[in-house]
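Structure first, commentary second.
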Amino acid sequence: MVAMEARRGRRFGRGPNQTLLPLRVTHQSNTVSCWYCDFKISFFNEPLFAFGRRHARCLRVWFSVGIGFSLAALLGVTMILLWELAIALHLYNGNTRFSRLLTGSLFGLSPSALGLSVSVADVGYLLISTIISVTAHEFGHALSAASEGIQIEYVAVFLAVIFPGALVAFNYELLKAIPRFAALRIYCAGVWHNAAGCAVCGLLLCLLPLILYPFYVNGESPMVLDVSSSSPLSGYLSPGDLIISLDGMRIHNVQEWMEMASLLDEQALQNSNSSNDFNRFMTVNGRKGYCVPSPLMEESKDIQLINNGSICPNELTAFVTISCFDPIDGSGEDDHQKSRESIHCLTAKDIVKLKKCGDGWMKSISNSSSCPCSEDEYCLSPVKMPGLTWVEITYSSPYSSECRFEKNPFPGLENSDFGGMNCGGTFVFIGDVISMAHSIRLTAYRPRWSFAFGAYFPDVLEKILMCTFQVSLTLALLNSLPMYFLDGESILEVALCYVSLLSPRQRRTVLQLCLLGGTLMSVLAFLRIFLYKF
């Protein structure tokens, strides 16, 4: 859905023999046809005009600043279109991917969004953001006109074919009578208000932790909002759970969760590439070890050897004895036989509770030695297939009804509000860590008190602000295009009047050439976004 705005003035203005509509219009006809329909509103005419006249001086200064921004935006998007045209005609061998990315942002499209389905929630966010952005745009035109003493005829929302939009109608004769600079303020007001909307959204996003501080804790541990049924973590994590650590590393927010997942995936890839013949089938996972007591080793189940590999019985995981000092990189037959004999099948959920050893952990073990195991313990490391990652995930369930106050099971969280709650645990994930990280929906905020829908409010507010920022930016840039039926047409027309070297006839010719060229280049850039595969 793209918000569009029709050009004010000639298209929606009244003819020279018609009188100005009063502020209060009791009967306003709406337009309905097979390709276009609109709904006109006159309720805001009087309050907007009164507010504009009351604060005319301040508003004129405000919208005068907007002229500079709008002209700069007009020049900027024109340069982008010229750059896109040069690449399309092979006149410039630039970074075509970056060019399409930049142009896609201009039209409010992201290359990664092409070919992907949009959820109902995303459509809702887009609809709300579009309403906010379009309202700010049109009220900017209305307030600027009111500050210049021009009465508003009506505000209308329309649907042209499948494209929604809005407009503010003024009396064209009054627009022609006011000074050019005043008319330029009116035409630039919509773009300027969208730019101001971007600034407001950006500021609110930065201040959101402070604004929500009385009700939410931010940056302590990411909270699970949703776990899809197809997620490998389904059945292990539930909405309301807090992610405490990933592979021993403390996680404070969603960004750290994704960064750690990428780092673990890269580490697993490096280990897989450096594996030897035996480790083609089974590789030690980066020397991540656990100190396993001798009695537990003696109870380990026998393993089945198949084609230089090993398979443990169901619900058991293969572990191999490692040296805390010497890397396991032997490639001879004796090393192969020794590796096979040192493999044990154990229950992973029991092993992960033991003390850690080895140097493959993202977080160093507390002991300064790389092997803190005692004499009656063995350092065992999990065995995995290449391409899979062994990851420990520690979580807390503070909002669970089964949560009870006991000794804190998570060292380092003594100062947490949930420091005395034994309401979580640790489990192991073996697989594609990147897909796992994306399969759950997290938020950096958790409510201080449990209340209905409280966990979702910061996430919804954050997404609305981010989406409004993007839509407002798109509207500002889109309406800056030198293109027919957009604000750029009127802005360019008035701006050319200040070029004294051109006669009126020459200015009209230059205007039509610029608008025709801008429209064709915009259509070309728009088609390249959809026709090119990123």
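A short reminder: the numbers here are calculations on the coordinates, not readings from a lab. Quantities reported herein were computed from a predicted structural model and do not represent experimental measurements. Reconstructed Cβ throughout: ideal geometry from the backbone, glycine too, with neighbour counts over all protein chains shown.
Considering amide H positions built from the backbone, and no H for Pro or chain starts, which residues 5 or more places from TYR445, or on another chain, come under 5 Å of its amide H?
HN-HN under 5 Å from TYR445: MET223.
Would you mind ranking THR135, THR394, THR509, THR321 so that the residue whose beta carbon has the fewest other beta carbons within 10 Å leads the list?
The fewest-first ordering by Cβ neighbours comes to THR509, THR135, THR321, THR394.
Can you tell me the FRET efficiency between ARG57 and GLU266 if r is taken as the Cβ-Cβ distance and R0 is 60 Å, rounded to the nearest 0.05?
It comes out at approximately 0.50.
What whole number of Å gives the distance from the Cα centroid of segment 171-233 to the Cα centroid of segment 141-164?
Rounded to whole Å, the Cα centres lie 21 Å apart.
Apply the Debye scattering formula to segment 424-502, with a single equal point scatterer on each alpha-carbon and no solvent, then give log10 I(q)/I(0) at q = 0.25 Å⁻¹.
For the requested q values the scattering log ratios are -1.13.
With the contact rule set at Cα under 8 Å and sequence spacing of 6 or more, what percent relative contact order holds for segment 138-272?
Reported relative contact order: 16 percent.
For segment 63-73, what does the Karplus curve 6.51 cos²θ - 1.76 cosθ + 1.60, with θ = phi - 60°, yield as ³J(HN,Hα) per residue in whole Hz, taken in order and with x for Gly and Pro?
Per residue, the Karplus-derived 3J(HN,Hα) values read 6, 5, 4, x, 5, x, 5, 5, 5, 5, 5 Hz.
On a C-alpha basis, how far is the centre of segment 503-523 from the centre of segment 448-502 in Å? Whole number, if you could?
Their Cα centres are 25 Å away from one another.
Which ³J(HN,Hα) values in Hz, rounded to whole numbers, follow from the phi angles of segment 135-142 under the Karplus curve 6.51 cos²θ - 1.76 cosθ + 1.60, where θ = phi - 60° and Gly and Pro get x?
Once rounded to whole Hz, the list reads 4, 4, 4, 6, 5, x, 4, 5.
Mind listing the phi-derived Karplus ³J(HN,Hα) values for segment 224-239, rounded to whole Hz, using 6.51, -1.76 and 1.60 with θ = phi - 60°, and x for any glycine or proline?
6, 9, 7, 10, 5, 5, 8, 6, x, 8, 5, x, 9, 10, 9, x
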